[in-house]
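What follows is a short report on a single structure.
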Amino acid sequence: MNNSKEQNEKVGVYICRCGSNIAGIIDVEGVAKWAEGNANVEVSRENQFMCSSTGQELIENDIKEIGLTRVVVASCSPHMHEKTFREATERGGLNPYLFEMANIREHGSWATNDKEAATQKAKSLINAAVERVVHHQPLDKIPVDINPATLVVGGGITGITAALELAEGGNKVYLVDKEPSIGGHMAQIDKTFPTLDCSACILTPKMSDVGNHPNIELMTYSEVESVDGYIGNFSVAVTKKTSYVNDKCTACSDCEEICPVSVSSEFDVGIGTRTAIYRPFPQAIPNTYTLSKTTDDSQCVAGCPIHQNAHGYISLIAQGKYEEAVGLIVADNPLPGICGRACAHLCEDVCDRGNVDEPISIAYLKRFAMDKVGDYELQRPENEQKQRVGIVGAGPSGLACAYDLRKNGYQVKIFDALPTAGGMLTVGIPEYRLPKEQLEKEIGKIKDIGVEFKLNTKIGQDITLKELEKQFDAVYVATGAHEERKIGIPGENQDGVLSGIKFLRDVRLGNKINLGENIIVVGGGDSAIDTARTAKRLGAKNVTIVYRRSRKEMPAAFYEIEEAMYEGISIEFLTNPVSVNGNNKVQEVTLQRMKLGTPDDSGRRRPIPIEGSEFDVPCDNIIITIGQRPDIGPLLLKTNKWGSVEVDQVTLQTSRKKVFAGGDCVVGPDTIVGAMAQGKTAAESIHRMFQKLDMYEGREKEGAYYSNIKVDLDGRVIAKRARIPTIPLEERDGFKEVNLGFTEEQAQREANRCLHCSICCDCHLCETVCQPNAIDYSMEEETVFLSVGNIIVATGYQLFDSRRIPQYGYGRLDNVFTSFEFERMITASGPTEGHIVLRDRKTEPKRVAIVHCVGSRDLNYNEYCSKVCCMYSIKFAHLVHEHLPNAEVYNLYIDMRTPGKGYEEFYHRLLEEGTHFIRGRVAEISDAASQPEEEGKLMVQVENTLIGKQQRIPVDMVILSAGMEAQADSAEVSHLFKMGCDSSGFFNERHPKLAPVATMTEGVFIAGACQGPKDIPDSVAQGGAAASQVASLIGQGTVMMEPVRASIREDDCSGCRICNNLCPYSAIEFIVDDEVSEVITALCQGCGTCVAACPSNAIDGAHFTNIQVISQLQGMLWDVQPEPEKANA
Amino acid sequence: MSDHYEPVIVGFLCNWCSYRAADLAGTSRIKYAPNMRAIRVMCSGRVDPQFVLTAFINGADGVLIAGCHPGECHYVNGNIKTMRRFLLLKKTLTQWGIEDERVQLLWASASEGIHLAEKVNAMTEELRALGPLRWHEKVLGENGKVPVAVKEA
Amino acid sequence: MKYGYYPGCSMEKNARSYHTSLMSIAEPLGLELNEIEDWNCCGATEYFSIDALPAYALVGRNLALASEQNGAERLIAPCSACFLNLKKTDHVMGEYPEVNQKVNTALKAGGLNYQPGSVSVHHILEIIVKDVGLEAIEEKVQKPLHGLKVAPYYGCLIPRPADMESFDDPEHPTSMDGLLRSLGATVINYPLKAQCCGGHLTQISEETALELIRRLLKNAADNGADIISTICPMCQLNLDAYQDSVNAHFKTKYKIPIVYFTQLIGLAFGVPEKELGIGKEIVSAQPALAKITNKAPEGELAY
C-alpha cells in the first residue's frame, strides 16, 4: 500500500460493520487498523451502522474537528447509500464529491464465506478508494428545469390512476393507449376479488373522468414511436393510427349494425365477435367508433387482376345481403356469372385461408350470388360523353374495356370476326362448364347499357384499322390468341393430330369432327382438361392426358383434374411425346418419361428426359393443347418476335397513338381475368387520353399485386371447403353443365370461413348509413410530437397463452376455456349475457374444473408465481356456485396463495360454499373416455398430493387460470424508454425495495403489472406512487443532475474529430474556426466513451478522470504490485 | 496471503447493468470466487485500453470488462464501441504473447447476478490454470521500464 | 442424403414389412441407408431395468460401430425402442463422465471406442418429415390416399426421449399428421395418439396391457379411423396381434388394421402392395384400403 504521501490530503476512512452483515465475514477492526497505514489516511474508524445518524455525525465532526479534506466510507453499494454519505460530507463542510465509497458488503462479505479472502478484498477496495479520493475534485450539480407536462403510456387502471392524480394537481397529462379505448384488462373483468364489487362499475367513472378532464389529453389508438432527451425535457413522437372515423361520430352504432364483417373480438377474447367498424365495449372512452382496416387490400382482392372486391361480396353473402353483394360484383365486373363459373380464380391461390386448411371457394360464391339474385343491372353512365371508341374483339378483354368506357359515358362499338360475341368464352370453353344461355344473358346486359356489337367482321379483311381510326376517337385491339402452337416433333403433321383450340371451337360451333376411340391429349393446362373431357363426351373410349411435369406443377385447376380423373380420364405425369408414328394417319405415339430438375423462370421445376425410357402407345387421335399464339393478321401494328403486338407496358398504347392493344394478342394466352384486366387498363388509358390527364401517374396497383397483410392463423378451427355439387356420372354424356352451384346453406357456411384478412371489406355500406358523415376512408395516420418532463410507463401485462401447454387441450378441446374467456362469459354485458355455458352456447356445465398455475410456477414456462390466479380462481368458483347452484366445482391448485387484506377469509368462505379443493398439478386434460361414465366428458388427470392418489375427474368445463406475462413487445418498449427488463420481460425498477417505481433512467417511471404480476390494488397504489414522484419533481421545478460530464481541454485538442461521431447524443461539435471540438454540456450524459477514445488525452470525464481511475486501479492492486510499480504508484 | 497462487481479476463494471448485477449477486447471497475487484465506470465505453494495460502492469492476472447487453446500453450504444475496442486490444495483447483468457468481455444486465458470478468463477479457474501473468518477464523483459503513458497518468 | 441404418432385431422378423416398405420408398425419397455392419441388439427395455451398465455397453457398441463406419454420422433407427436406447445412451454417456468411462472400458475389450456426440441418432419419421420434407413427398405421390381415414399413432417413446430435446411435441405430436395429409389421406385427430401401447406388459401383466390396447383402439375407432398408422414394431405388434384378445376379453368387435406409415407412403407412391408387405398384418388392411377413391371426398384438404 501507499506509504509515501505526495498529495497533502487528509483522508478519513470509515468502515461499516452493518451489524454482522459485514463484520460477520470481514475482520473490520483489523482492516480499520491496517488502513491507518496509508500515508494519505488521517483517521480510520469502524462503526456499527455508518448510515445511522451517529455514523453520519462521525464524518461531520471529523471534518470539522480534524479538518479532513477527503472521505471514504467502506460499507454497502453506492447505489444504496452514496447519496447519504455525500450529504453527510456536505454537512461537514466539504464538497460532496470529495467522497468515495468502497463496496465491501454486496461485493465483499455477502459474496463469499472465505473470511480471509473477503478481508483481503476489503483492504484492496478501501485502499483503491483512498488512492482515488485524493484525486477527486469539487464538483457542482447541474440544474435542469422540469417541464410540468407528463406522458403516461398505457390506459389501464394504473395509467388512469396516475393520469388523474397528476391532472388533479393541475398538471398537463398526455395519456397514450394503443387500443381504441382506455380501461385495459380491468374493463374485461366481471367482479373483483375478494369484495366482489363489479369491476366496470368502479372503473368506468374513472374512465369518464379521464375523458372529461381538461388537463388530460387522451390519445387512444396511438403508439409511442420514439423518445429523445432526458429528465425535465423529453421529446416524444406518438403515432396516431388511422381510425377512418373523425370526431363527428356520435356513437349511434348505425355503422356497426350494417357492417357485414365479423372477426374475433379482442375485448371478448375469442368467445365474442366484433364488426370491422366497432367500439370495443359500450362504456368505451373515448366513446367513438374505429374502423380497423389494413393499408393493403385483402389477399383475394390484391391477387385478382381486376381487383374484384371478393372480400366484400363474401362478407355480404355471409350476411345474406345478396343484392348488395351483386351490386359490389357488377361494379368491377361485366361478366359476373361467367367468371363465377370459368374464372381461373387466382384469388383462391393467395387466399390466406389456404394456410389454415383450404382457400375459400371464392369464384363459386360469386356464381351463387349471381344465380341467387338472378336479374341484375350493370352500371349506367351518369352523363354521356361525345367521344367514340371502337373495340376489335368481343372477348373478355374487349367486353371489360367496353364496360369501363361506357360507365364513363363514352360511345362504344365492338367488332368481332366470329358469328357470336364472347371470343374464347364462346369457342374456347366447353358448354358443360359455361352454358350458352349464361353467355347470351351477360352479353345482353352489356348491350343493355348501350354498347353496340358488329359480328362476322374480321379486322383487316372486312374493315381496316385505318378506317376504324377514322371513325373513332380511340381504338382498342383485343383479337386474342386463337392459333395452336406446335410441339415440334416428327410426324406432327399427319391426319389425326388435332389442335386443341380448333377442336374445342369446332365442337362449340357445331362443326363436324371425326374422332377415334383412343385419344391422347398433350398438355397440362385447363384446355388440356377441357379437350379431354369434351373428347370423352363425344364418345371416345380411352382418353389419356400426357403431361411432362408432376401433378404438383400442373397448371390446370386442381378441381378440374379431380373431375377429369373421376370421369375416367387417365393422366400420365412426367411424360412427353417424342414422335407421332403412322403413315399419314396416326397409329401410335412414342412417349418418354421425364424427371424434374431445377426450377425454371416460371418457378416450376424443369422437366428433363430420362434416356431410354421411351415407350409406344397406340392411338387414333392426338390433340395438342400446349398453348396458343396470337394471329394478328395485317393489322399494321408493330409486333415482337413472338408475333404479339408491341405496346407500352403501362398504358397499352401501340405504335399508333390512337390505338391501344391488350389481352391475349399482346401477352399471349392468359386467363379470362388477365384479359379483362388489360381491357380495364386500356379503358383507363383511353379515358385519361380523352380527359388529357397524366397517362402514367399512380397506376402501380393496376393488375394483381402481392398484399403484405399478415393474419394470425394460430388456433383457427379447421373448416371444410364446400365442394360444388355436380351432376352424376351417368348424366355426363352430353354437354349439360356439370357444376350445379352452391345451395344457400353451403354458400353461407363457405362465406363464413373468410378470415377477413384486411378486416374492413371495403363495401362502404357504413358510409351510406352514417348521418353525421363521420366515416372518412381518406384519413391517414399522423405523428405528433410531445414535449414532456417525465414519463410514466404503465403498459400492463398479457395473459399466458394456454396453447403452449398442449396437454391441457386449449384450442383443441372445445370446452376448455381461459380465465379471460370466463370473465367475459360471466359478465352480464358479455357475449353470453352472463350465462355460464359450454362452447355450444346452450348447455350449462354440471361439473367445472378450475386449473390453477397455468404457465406459472412451472420451469417449462414461467418460473414465477403470477400472484393473482389463486384469488381469481377462487372468485370463479364462487361465481359458478352463484350462477349454477347445483354445479360441482373443482379447484386444482399447487399451493393456495392468498396473502392480502380479506383474501384468506374469502378462501375460507369458499371452503364453506363446498368447492372441492384438490392439491396437485394437473397432468392432462383429455376427451378420451376409457369407461362408459367418462363418455362426452373432459377427463382431468391429477395426482391428489394430499392423499397420494391419482385421480381422473370427469367434468363438462375446464377453466385454465393462466398466469400474467410481460407484454410481447416489452423488450422493444424498454429500449424505447432506456429501461432494462428482467429475463421474464418485466421492466426493472431502480431498487427492489426502496425505488419500486423509479427506473435506471431519471424521469422515467414504471407502474403496475409491467413491472411484475400484480393485482388491482397494488397496481393502483403504484400508479399513485409514480404520479406523486413525478408531482414532487414538478414541484421542485428544477432538479440537480449528477455533474458527471465530459469537457475538452482546448489546448490539448488536436481537432481530429474522432470523438464527434462517437457521441450517441451528438453533444460534441467541431468549432471550425478554432479547429477544436467542444462538448455541449446540456446534451452530454457522461458515459465517457469520448474520454476513452481521445488519442491526445484532451477530454476529461468529470469524476471519472484517467488519473482517478488509474490511482484507484493501482491502489486496488497494492498486494500484488511488482516492485517497480510500487515506486511508481 | 498464503503462498499458493490466487489469480487477481480487475473488473470494470458499468454503473447501470453489470455493477448492479454484482450488487444483486451479493444481495441474493450468491457465493462466488472473491478474486474479482470491481471498478465502477458509468459505461463500459469508458474503459480505456490503457486501464487494462495498467492493470496488468500493476500485477493483475486478468481483466473482466462488463457492460449492458447490446441494444440495452444506457447510453444507446456505448457497449458496441467497447466491443470494437476490446477486439483490437485482444489482437495487440496476443501479439505480446498474452493469453486470450486474460481479458474477457461480458454482457450482464442488472438482473443477471448469477450470470456475472458464474463468469467470475469460470474466469478465475481459467486463470488459475494459466498461472500468474508476470507482465514484466513476458512483455518488458527482466529490466523492463514502465511504458511512458502510464507514468504520465 | 447418406445415413447409417440400424434395423434392430424386430425388423428381421415380425416387422419385416416395416423393413421392406422402408427399403422400397428409400430410393424415391432419396435416402441412402447404410446398414451398420455387425450390429447387435439395442437392449430393448429389459436390460435397462435389470442392470443399466451392461445395457449401455450393449448399445454403446452399436454407436461405436456407427461412428467408425463412414456415412453413418447420422444414424437412423426405425424402431422406437432402438431409437430411444441409442439416443439415451449417447446422451447419458455425454452427461455422465463415469458412465462414459465405464462403457468405453467395456468397448475397449472389443477394440472399440465411442465419443458421445459423434453420432446423432434419429427416428426414421423425423428424417422423412424434416430432411426429405412434405413438399418433396407430395411430388412423388402417384395414387393419393383420398378417402382413407388414418389415425396416426406415435406411441409413447418417440416424442419423449427422457430429458433430451424431441423433434416433436412430447404431449401432442403432429409430425406424422402432416405427412399423412400430404399423401392425400384424411387424418384422424385423437387424444391418445401418444399414449402407451402396453409395451412388454403383454408378457408380464396381460390384464393391464389389454386395457391399454383397448383404450387406444376405442379412441381411434370413436374418432372414425379406418386404419391406424404406426411407427414402431412393438406398437404394431400389440395393437394388431392382441386385437382379438381385446375383443374376446372386453366383448368388443374391433377390426382396425394396423400398418406402418412407411407402407402408406409406399401405397401413395404407387409401390405394389406385395412389395410393401401389405397382407402380412393379422387384421387385414384390405377392407380399409378398398375405401381409397380417386376423388378427394367432400371437403377434404385438397391443397
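The values are calculated or read from the model by the stated rules, or taken from the named source; none is laboratory data. Given the structure is predicted, the values throughout are model-derived calculations rather than measurements. As a convention, Cβ positions derive from the backbone with ideal geometry for all residues, glycine included, and neighbour counts pool all protein chains shown.
Brief remarks follow.
- Filtered residues of the range B:31-69 (kept if part of a loop (DSSP other than H, G, I, E, B) and facing another protein chain (nearest Cβ under 7 Å)): B:Lys31, B:Tyr32, B:Pro34, B:Met42, B:Cys43, B:Val47, B:Asp48, B:Asn58, B:Gly59, B:Ala60
- Verdict on A:Ile25 being part of a loop (DSSP other than H, G, I, E, B) and within 21 Å of A:Asp114 (Cα to Cα): yes
- Checking A:Val1109, A:Val1030, A:Val1044 one by one, the residue that is β-branched (Val, Ile, Thr), at pLDDT 95 or above and within 17 Å of B:Gly45 (Cα to Cα) is A:Val1109 and no other.
- A:Ile947 being farther than 19 Å from A:Tyr872 by Cβ and part of a loop (DSSP other than H, G, I, E, B): yes
- Comparison of A:Ile1071, A:Ile1110, A:Ile1080 shows that the only residue that is surrounded by fewer than 16 Cβ atoms within 10 Å (Cβ to Cβ), without any contact (Cβ under 8 Å) to a residue 12 or more places away in the chain and on the phi < 0 side of the Ramachandran plot is A:Ile1071.
- Unmet requirement for B:Gln95, which otherwise passes all of (1) modelled with pLDDT under 90; (2) within 12 Å of chain A (Cβ to nearest Cβ); (3) surrounded by fewer than 18 Cβ atoms within 10 Å (Cβ to Cβ): (2)
- Any hit, the range C:225-245, residues being among the acidic types (Asp, Glu) and within 20 Å of the chain's Cα centre (by Cα): yes
- Test for A:Arg508: is it within 15 Å of A:Thr625 (Cα to Cα), of a type in the set (D, E, K, R) and either at pLDDT below 95 or not in a loop (DSSP other than H, G, I, E, B) (or both): no
- Of all the listed residues (B:Glu6, B:Glu72), the sole one being among the charged types (D, E, K, R) and touching a Ser or Thr at 6+ places or on another chain (Cβ under 8 Å) is B:Glu72.
- Candidate set from the range A:336-359 (those that are within 14 Å of another protein chain (Cβ to nearest Cβ) and not in a helix (DSSP H, G or I)); member that is surrounded by the most Cβ atoms within 10 Å (Cβ to Cβ): A:Cys351
- Residues in the range A:265-293 that are buried (at least 17 other Cβ atoms within 10 Å of the Cβ) and polar (S, T, N, Q): A:Ser265, A:Thr275, A:Gln283, A:Thr288, A:Thr290, A:Ser292.
- Filtering the range B:35-78 to residues that are among the charged types (D, E, K, R) and closer than 22 Å to A:Lys123 by Cα leaves B:Arg37, B:Arg40, B:Asp61.
- Options C:Asn100, C:Asn113, C:Asn104; residue that is more than 15 Å from C:Ile265 (Cβ to Cβ), in contact with a Pro (Cβ under 7 Å, 6 or more places away or on another chain) and not acidic (Asp, Glu): C:Asn100
- Taken residue by residue, the range A:420-428 has no member that is farther than 20 Å from A:Ala478 by Cα and modelled with pLDDT of 90 or more.
Quick grid of which residues meet (1) in contact with a helix residue (DSSP H, G or I) (Cβ under 7 Å, 6 or more places away or on another chain); (2) among the acidic types (Asp, Glu); (3) closer than 17 Å to A:Asp664 by Cβ; (4) part of a helix (DSSP H, G or I):
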{"residue": "A:Cys401", "(1), (2), (3), (4)": "yes, no, yes, yes"}
{"residue": "A:Leu405", "(1), (2), (3), (4)": "yes, no, no, yes"}
{"residue": "A:Ile414", "(1), (2), (3), (4)": "yes, no, yes, no"}
{"residue": "A:Ala421", "(1), (2), (3), (4)": "yes, no, yes, no"}
{"residue": "A:Pro430", "(1), (2), (3), (4)": "yes, no, no, no"}
{"residue": "A:Glu442", "(1), (2), (3), (4)": "yes, yes, no, yes"}
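- Residue check for A:Gly830: more than 14 Å from every other protein chain (Cβ to nearest Cβ) and either buried (at least 18 other Cβ atoms within 10 Å of the Cβ) or over 22 Å from A:Gly272 (Cα atoms) (or both): yes
- Residue tally, condition free of Cβ contacts under 8 Å to residues at least 12 places away in the same chain and either touching a strand residue (DSSP E or B) at 6+ places or on another chain (Cβ under 7 Å) or among the hydrophobic types (A, V, I, L, M, F, W, C) (or both), over the range B:55-87: 3
- Subset of the range A:1077-1127 [in a strand (DSSP E or B) and within 22 Å of A:Val130 (Cα to Cα)]: A:Asp1100, A:Gly1101
- If the condition is being in contact (Cβ under 8 Å) with a residue 12 or more places away in the chain and assigned to a loop (DSSP other than H, G, I, E, B), then the range B:115-142 contributes B:Gly131, B:Pro132, B:Leu133.
- When the test is whether a residue is within 14 Å of chain C (Cβ to nearest Cβ) and crowded, with 19+ Cβ neighbours inside 10 Å, A:Thr575 passes it.
- If you check A:Ile362, A:Ile414, A:Ile317 for being buried (at least 24 other Cβ atoms within 10 Å of the Cβ), within 21 Å of A:Tyr705 (Cα to Cα) and β-branched (Val, Ile, Thr), only one passes: A:Ile362.
- Restricting the search to strands (runs of 3 or more DSSP E) fully inside the range A:127-181 and requiring at least 3 residues that are crowded, with 24+ Cβ neighbours inside 10 Å and in contact (Cβ under 8 Å) with a residue 24 or more places away in the chain gives A:150-153, A:173-176.
- Test: residue in the range A:1122-1129 that is more than 9 Å from chain B (Cβ to nearest Cβ) and over 23 Å from B:Leu140 (Cα atoms): no
- Pairs where the first residue, in the range A:99-117, is touching a residue at least 12 places away in the same chain (Cβ under 8 Å) and facing chain B (nearest Cβ under 7 Å) and the second is buried (at least 24 other Cβ atoms within 10 Å of the Cβ) and among the acidic types (Asp, Glu), C-beta under 6 Å, 6+ apart: A:Glu106/B:Asp23
- Checking each residue in the range A:600-619 for being more than 48 Å from the chain's Cα centre (by Cα), part of a loop (DSSP other than H, G, I, E, B) and surrounded by fewer than 20 Cβ atoms within 10 Å (Cβ to Cβ) picks out A:Glu611, A:Gly612, A:Ser613, A:Glu614.
- Taking the range C:166-213 as the range and being at positive phi, touching a Phe, Trp or Tyr at 6+ places or on another chain (Cβ under 8 Å) and at pLDDT below 90 as the test, no residue passes.
- Among the candidates A:Asn47, A:Asn127, residue that is touching a helix residue (DSSP H, G or I) at 6+ places or on another chain (Cβ under 9 Å), of a type outside the set (Gly, Ala, Ser) and under 17 Å from A:Gln1108 (Cα atoms): A:Asn127
- Test: residue in the range A:2-17 that is among the small types (Gly, Ala, Ser) and at pLDDT below 95: yes
- For the range A:548-560, filtering for residues that are within 13 Å of chain C (Cβ to nearest Cβ) and either crowded, with 21+ Cβ neighbours inside 10 Å or not small (Gly, Ala, Ser) (or both) leaves 9.
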